[in-house]
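*Asks:* Input: one structure, supplied below.
The values are calculated or read from the model by the stated rules, or taken from the named source; none is laboratory data. All values reported here derive from a predicted model rather than from experimental measurement. When we count neighbours, we look across all protein chains shown, and the Cβ atoms used for this are built from the backbone with ideal geometry, even at glycine. Heavy atoms of the whole protein, side chains included, go into the accessibility calculation; ligands, DNA and RNA do not. Shrake-Rupley method; radii C 1.70, N 1.55, O 1.52, S 1.80 Å.
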Amino acid sequence: MSKEAPPRADKERAQRIERAKILQEALPYIQQFTGKTIVIKYGGHAMESAELRRSFARDVTLLDVVNVRPVIVHGGGPQIGDALKRMGIESKFHAGQRVTDRETMDVVEMVLTGSVNKQIVEDLHQAGAWAVGISGKDGRLVEAEKLVLANDDGGAVDLGQVGRIREVNPEVVEALERAGGFIPVVAPVGRDRDGNTYNINADNFAGGIAGALAAEKLILMTDVTGVLDKDGQLIPTLDRRMAEHYINDGTIRGGMIPKVQCALDALSSGVHKVHIIDGRVPHAVLLEIFTDQGIGTEIVEEKE
């Protein structure tokens, strides 16, 4: 007469079976995205928490191992603010943009291309990946131009060395991928034709890179759940028509408007899908890419 398995053994076996089911759920997505480029804009709390940094690095390494090609574009606003404060330089903003004079630009470039960029590279190395840190200035990756905003009187607001993308030359990123599977980690700094350096919004920078690479996906990591409806509930999928409607009727508002507009611009440039996800959730990238439900908002040109 056989003995019954103790309850603890039954529980552990059920957990192992559940893990196997998760792997099976991921399989068709791994097959679909193998060999495809996914651009991830990395920022917010996910970059500031040591635990989430390690989790993110391991997730990106897993993507690389299954032959998905990740490209990381990172922000660094809080780190820039801390550095400016230590140096006694006042941070000034207009319409959400950091006013960047020459002295501030020197600090922005130092922080983004130095400490922040190299920390992400080191995190990936610790996770077992091969990564290379660059900025938009390297290999003429991003040609920038000065960003000019209009004020309420119809005049122009001078933000200093704040720029926008004029042109993307993706050869340096493609070369890193071809050269042996290096993961590019890109700081959102560009230069114009005269050699002037510009600080560029990281979301828009990532969208421009994704479009130039004809990326399968652009993932924007944020500190919110995703795009919410008027009742505060997550909207799992949006197409262009719905997104524009929700912007016009005020459902999408505040800081989410430029993120959704960035997503729509990326779709126009050839990116297949854009995802806005909560980077505070461990394994957010894997959950969004490799599970049926996902965790954030997927934005597409038209619903299938």
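*Asks:* Looking at (1) of a type in the set (S, T, N, Q); (2) open to solvent by less than 20 Å² (accessible area, probe 1.4 Å); (3) more than 21 Å from the chain's Cα centre (by Cα), which is the one condition that is false for ASN151?
*Replies:* (2)
*Asks:* Kindly indicate whether any position in segment 179-186 is within 28 Å of ALA214 (Cβ to Cβ), modelled with pLDDT of 95 or more and in a helix (DSSP H, G or I). Reasoning before the result, please.
*Replies:* Residues of segment 179-186 within 28 Å of ALA214 (Cβ to Cβ): 179-186.
Filter once more, keeping what is modelled with pLDDT of 95 or more: 183-186.
Subsequent filtering for residues that are in a helix (DSSP H, G or I) retains none.
No, because not a single residue in segment 179-186 is within 28 Å of ALA214 (Cβ to Cβ), modelled with pLDDT of 95 or more and in a helix (DSSP H, G or I).
*Asks:* In this structure, does THR297 turn out to be under 30 Å from GLY133 (Cβ atoms), of a type outside the set (D, E, K, R) and open to solvent by 10 Å² or more (accessible area, probe 1.4 Å)? Give the derivation first.
*Replies:* Values: under 30 Å from GLY133 (Cβ atoms): yes; of a type outside the set (D, E, K, R): yes; open to solvent by 10 Å² or more (accessible area, probe 1.4 Å): no.
Judged against the criteria, THR297 is not a match.
*Asks:* Follow-up question, since we're still on this one. If you take the residues of segment 29-80 that are surrounded by fewer than 19 Cβ atoms within 10 Å (Cβ to Cβ) and of a type in the set (A, V, I, L, M), which of them is nearest to ASP223 (Cα to Cα)?
*Replies:* ALA50
*Asks:* For segment 113-135, give me each residue that is open to solvent by less than 50 Å² (accessible area, probe 1.4 Å), touching a helix residue (DSSP H, G or I) at 6+ places or on another chain (Cβ under 7 Å) and of a type in the set (Gly, Ala, Ser). Even if it seems obvious, please write down each step before you answer.
*Replies:* Going residue by residue through segment 113-135, those that are open to solvent by less than 50 Å² (accessible area, probe 1.4 Å) are 113-114, 116-117, 120-121, 123-124, 127, 129, 131-135.
Within this subset, residues satisfying the condition of being touching a helix residue (DSSP H, G or I) at 6+ places or on another chain (Cβ under 7 Å) are 116, 123-124, 127, 129, 131-135.
ALA127, ALA129, ALA131, GLY133, SER135 - these are the residues of segment 113-135 that are open to solvent by less than 50 Å² (accessible area, probe 1.4 Å), touching a helix residue (DSSP H, G or I) at 6+ places or on another chain (Cβ under 7 Å) and of a type in the set (Gly, Ala, Ser).
*Asks:* A further question on this structure: Being within 24 Å of SER49 (Cα to Cα) and crowded, with 17+ Cβ neighbours inside 10 Å narrows it down to one of GLY211, GLY207, GLY279, so name that one. Let's see the steps before the verdict.
*Replies:* On the way: GLY211 fails: within 24 Å of SER49 (Cα to Cα); GLY207 fails: within 24 Å of SER49 (Cα to Cα).
Only one candidate passes the filter, namely GLY279.
*Asks:* Cβ-Cβ below 6 Å, separation at least six or inter-chain, first residue in segment 80-99 and free of Cβ contacts under 8 Å to residues at least 40 places away in the same chain, second among the polar types (S, T, N, Q) and not in a helix (DSSP H, G or I): which pairs?
*Replies:* Hits for this filter: GLY81/SER91; LEU84/SER91.
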